[in-house]
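These notes are about the structure you will find just below.
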Amino acid sequence: MRRAPAVGAFVLSLVLLLASPFARVPSASTGVHVIAVDTVGMTVADMDRAVAFYTSVLTFEKVSDVEVSGREYELMTGVFGARLRIVRLRLGEESIELTEYLTPKGRPIPADVRPNDRVFQHIAIIVSDMSAAYERLRRHRVEHASTAPQVLPEWNTNAAGISAFYFRDPDRHFLEVLHFPPGKGLDKWHRADRLFLGVDHTAIVVDDTDAALKLYRDALGMQVAGASENYDTEQEHLNNVFGARLRITSLRAAEGPGIELLEYLAPRDGRPAPVDLHANDVAHWQTTLVASEPERINDLLRLRLFSLVSPNVVAVPSATLALRKALLLRDLDGHGLRIAAR
């Protein structure tokens, strides 16, 4: 869950960034620089069911709906024989992307996935009224992932009064609704003309924050926007992890939602992502990062900060994905990143 850091915390983050022993040559020197977080995407088992949920329950609007196949998509996804239906949905200023593999079908999300397992990822949807949002989700019988909405305590200065709730969509992807009290969060998150306002960030569980920052901050040029350490009963019941103590680091590009790194300092029993996770498996998420020259990602291979899924950058036929070219990779914890050019 993203914090709205105080000015002092932001300045401290910048000082730590400059002093970090993990700092590397700025990514601009290699030509790789993330200028925007475009969409956060996930694989779904049944597109019609997923679209119905996101549009009718969470009030996303459909932007596009395409069916694609061909060698380019096989190379980009790493799935041979891929035929995909891809739907782009918008909420406020942000978009998500749902992908159904018509062939070949992948595996469902394992029933025992926990929020501290490193395959975990979610999107945080900002709401104008947490009580109304929770009531709406209850009416639609969503599966709880938190015990109930949690209000973060007063001792946690930057997060005091923020309320949040984890739940699951029909494919059992984790989602979060989040409400900022007055004085916290961006101005746009305080509108009252609708219930669901937009997507603030996507959160991913990592084994080691400093190792993850070598990729996201040092190699790709994203900026640290805030950091905190969260614990206590409210955090435990939000994440549904007994004894949860998290190191949370928020990253931003110039545009789009943020990426939040969640490192569980306790308990340390989270499991690694499956080594055989594929893009057609429903547990697969991918965050699309827009870069000036995606091809220059190859200059970073020697740093061993990620593994390639696509063998190289692939031209997207007819810009069906609102992208000209892209490649898919996985970070050190197995999270999918699509590096792309518009």
(request) Taking only the range 315-328 into account, find how many residues are out of contact with any Pro (no Cβ under 8 Å at 6 or more places or on another chain) and surrounded by 21 or more Cβ atoms within 10 Å (Cβ to Cβ). (result) 2
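Name the residue, out of A225, A203, A192, A244, that is among the hydrophobic types (A, V, I, L, M, F, W, C) and more than 24 Å from F167 (Cβ to Cβ).
None of the other options fit; the residue is A225.
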(request) State yes or no: is A211 among the aliphatic types (A, V, I, L, M), modelled with pLDDT of 95 or more and in contact with a strand residue (DSSP E or B) (Cβ under 9 Å, 6 or more places away or on another chain)? (result) no
(message) Quick check on the range 85-114: of everything there that is buried (at least 21 other Cβ atoms within 10 Å of the Cβ) and either among the hydrophobic types (A, V, I, L, M, F, W, C) or not in a strand (DSSP E or B) (or both), which residue is nearest to the chain's Cα centre (by Cα)?
(response) I96
(request) Filter the range 230-249 for residues that are in a helix (DSSP H, G or I) and of a type outside the set (D, E, K, R) and give the result. (result) T233, Q235, H237, L238, N239
(message) So if I check each of G185, G221, which one is buried (at least 16 other Cβ atoms within 10 Å of the Cβ), in a loop (DSSP other than H, G, I, E, B) and in contact with a His (Cβ under 8 Å, 6 or more places away or on another chain)?
(response) G221
(request) Being touching a Lys or Arg at 6+ places or on another chain (Cβ under 9 Å) and of a type outside the set (D, E) narrows it down to one of R324, R304, R330, so name that one. (result) R324
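When you look at D187, is it within 17 Å of P257 (Cβ to Cβ), of a type outside the set (A, V, I, L, M, F, W, C) and free of Cβ contacts under 8 Å to residues at least 24 places away in the same chain, yes or no? Steps first, answer last, please.
Working: within 17 Å of P257 (Cβ to Cβ): yes; of a type outside the set (A, V, I, L, M, F, W, C): yes; free of Cβ contacts under 8 Å to residues at least 24 places away in the same chain: yes.
Yes.
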(request) Filter the range 137-173 down to residues that are more than 24 Å from A111 (Cβ to Cβ) and either in contact with a Ser or Thr (Cβ under 6 Å, 6 or more places away or on another chain) or assigned to a loop (DSSP other than H, G, I, E, B) (or both), then give me how many there are. (result) 13
(request) Output the residue which, of all residues in the range 279-291 that are over 14 Å from the mean Cα position of the chain (by Cα) and of a type in the set (A, V, I, L, M, F, W, C), is surrounded by the fewest Cβ atoms within 10 Å (Cβ to Cβ). (result) V282
(request) Could you tell me which residue of the range 224-278 is surrounded by the most Cβ atoms within 10 Å (Cβ to Cβ), considering only residues that are of a type in the set (D, E, K, R) and over 27 Å from V290 (Cα atoms)? (result) E234
(message) From the list S318, S292, S310, exactly one residue is under 24 Å from K105 (Cα atoms) and not acidic (D, E). Which is it?
(response) S310
(message) I'm trying to understand the selection: among the residues of the range 125-141, which are touching a residue at least 12 places away in the same chain (Cβ under 8 Å) and either on the phi > 0 side of the Ramachandran plot or buried (at least 22 other Cβ atoms within 10 Å of the Cβ) (or both)?
(response) I125, I126, V127, A133
(request) Tell me which residues, restricted to the range 49-83, are in a loop (DSSP other than H, G, I, E, B) and within 29 Å of E93 (Cβ to Cβ). (result) V57, L58, T59, F60
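Residue-by-condition table, conditions (1) more than 24 Å from E74 (Cβ to Cβ); (2) touching a Ser or Thr at 6+ places or on another chain (Cβ under 8 Å); (3) among the charged types (D, E, K, R):
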{"position": "I248", "(1), (2), (3)": "yes, yes, no"}
{"position": "T288", "(1), (2), (3)": "no, yes, no"}
{"position": "E293", "(1), (2), (3)": "no, no, yes"}
{"position": "I297", "(1), (2), (3)": "no, no, no"}
{"position": "V314", "(1), (2), (3)": "no, no, no"}
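The values are calculated or read from the model by the stated rules, or taken from the named source; none is laboratory data. Predicted model only: the values in this text are computed from it and were never measured. FYI the Cβ positions are ideal-geometry reconstructions off the backbone, even for glycines, and counts take in every protein chain you see.
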